[in-house]
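Everything below concerns the one structure shown next.
FYI, it's all coordinate maths here, none of it is from the lab. Predicted, not measured: the structure shown is a model, and the values here were computed from it. Counting neighbours? That spans all protein chains shown, and the Cβs are built from the backbone with ideal geometry, glycine included.
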Ligand code: ADP
């Protein structure tokens, strides 16, 4: 609501009416302009107005930022289409977009409400923005377009998430395909030459690949449970040392290259037994997988400062200090581990971390390249 200004009694009535009206109009305009500025600065989208020659005559702070300028003033001073010098503009198929394909130009050429989704890659820094641009034309009294208003919606985040999902699906399919192909091959061989000695070897290989498939499928299911908040804990009281000893026995059956050595302290915990078993299996599988020369693996269960601490130490390829933190992130696979040497999706440690943290515990690693790694996890005692 615009309040009228108080009247000045000294001014004659006719003058008063006239002046009040112009003051009212001025005040109304000022308020409207202020409101408009507040709206434009807070919409989140970048907004520009260009004249028929492409010169920007209005912009909000978001527009200045996207165009790589420090201030709106700097953007307004810049020559028309300055952004073309800074960015490589392509479509979703990486095809370059020409200036006449940009919505602003198309709007001026008479097209109604043109829009475009474009990838802007900064030529110097390589930073990528995915922008959805819409333009509308404002026509003058002579019915000719004299201004174009463009709104630029930054969808970089959702585009990157989409890309991450597609990459994940691609990797998961690849990881599932590898053991399936091997299984198919081994079964074919078994069908051709079913001699007893030959069969034993092939059946062991089939067992390995089936185990790998089950682990992968379970990991994928857990990721989906974690992302939808459906991975709950089923807590019970149990002897942690017993569970660790049984798991170590079970894993020892799977390797004759490695010697699993356990030092155990009797500890009672209240936790999700199956989920902690899963964390331990992940750590033991990695210890075996990433120490291909096959040596001892030392497992220990201790009690310290109100925590139960389980550790798994291997003497394998080790992990560079720079990776110690990010190794627990989703889909992290170290590039210096060639993909074919150590298959995996980079999910095991991420799932383990989520499980341990759901127990209000911690998971961490101590490791040195080429010397081996020790993974620890701790959960609070009751
Ligand atoms: P995956 O083994 O399926 O790739 P993980 O999440 O279990 O996934 O591990 C992530 C990455 O951490 C692995 O790709 C590997 O590079 C590294 N890593 C995990 N455990 C060890 C270990 N014991 N020794 C060396 N590197 C390891």
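Relative to the longest principal axis of the Cα atoms of the chain, helix 156-192 runs at roughly 30 degrees.
For segment 184-250, take the alpha-carbon Rg, divide it by the Kirkwood Rh, and send me Rg/Rh.
Values: Rg = 18.4 Å, Rh = 15.4 Å.
That ratio is 1.19, to two decimals.
A full extension of the chain between residue 381 and residue 224 corresponds to an added length of 53.6 nm, given 0.36 nm per residue minus the alpha carbon distance. Percent of Cα pairs in segment 192-327 per distance bin of 10 Å, from zero to the largest separation: 10, 32, 36, 17, 5, 1. Multiplying the residue separation of residue 90 and residue 51 by 0.36 nm and removing their Cα-Cα distance gives an extension gain of 11.6 nm.
Fully extending the segment from residue 254 to residue 141, taken as 0.36 nm per residue of separation minus the present Cα-Cα distance, adds 32.3 nm. Taking the longest Cα principal axis of the chain as reference, the axis of helix 348-358 is set at about 80 degrees. Counting only the Cα atoms, the chain fills a convex hull of 255 Å³ per residue. Give me the distance between the Cα centres of segment 30-77 and segment 203-269, rounded to whole Å. For segment 30-77 versus segment 203-269, the Cα centre distance is 57 Å. Based on the alpha-carbon gyration tensor of segment 260-382 and its eigenvalue square roots a ≥ b ≥ c, which shape applies: rounded if a/c is under 1.5, prolate if not and a/b is larger than b/c, or oblate? Verdict is prolate for segment 260-382.
Students often check this: by mean Cβ neighbours within 10 Å, which of 157-165, 53-61 ranks highest, and how do the rest follow? Kindly include the intermediate steps, with their values, before the conclusion.
On the way: 157-165: 11.7, 53-61: 17.0.
Top to bottom by mean Cβ count within 10 Å: 53-61, 157-165.
Sort the following peptides by mean Cβ neighbour count (other Cβ atoms within 10 Å, averaged over residues), highest first: 371-380, 275-284.
Details: 371-380: 20.4, 275-284: 22.6.
Per-residue mean Cβ counts within 10 Å order the peptides as 275-284, 371-380.
Principal-axis analysis of the Cα atoms of the chain puts helix 13-42 at an angle of about 20° to the longest axis. Place a point 7 Å from Cα of residue 266 in the direction of its Cβ. Which residues in segment 225-253 have their backbone N less than 16 Å from it? 238-245, by backbone N distance to the label point. Sorting 356-365, 137-146, 115-124 by their mean Cβ neighbour count within 10 Å, with the most densely packed peptide first, gives 356-365, 115-124, 137-146. Given the rule -39500 (n - 2.57) for each run of at least 4 DSSP H residues, summed and divided by the residues of the chain, what is its mean residue ellipticity at 222 nm, to the nearest 500 deg cm²/dmol? So the helix-based figure for the chain works out to -14000 deg cm²/dmol.
At 1.567 mPa s and 4 °C, plugging the Kirkwood radius over alpha-carbon pairs of segment 280-322 into Stokes-Einstein gives what diffusion coefficient in µm²/s? Value of D from the Cα-based Kirkwood radius: 113 µm²/s.
What value in Å³ per residue do you get for the convex hull of the alpha-carbon atoms in segment 81-199? Walk me through the numbers before you get to the answer.
Details: hull volume 17.9 nm³, N = 119.
Considering the Cα atoms of segment 81-199, their hull volume per residue is 151 Å³.
Across segment 40-119, counting alpha-carbon atoms alone, Rg and Dmax equal 12.7, 35 Å.
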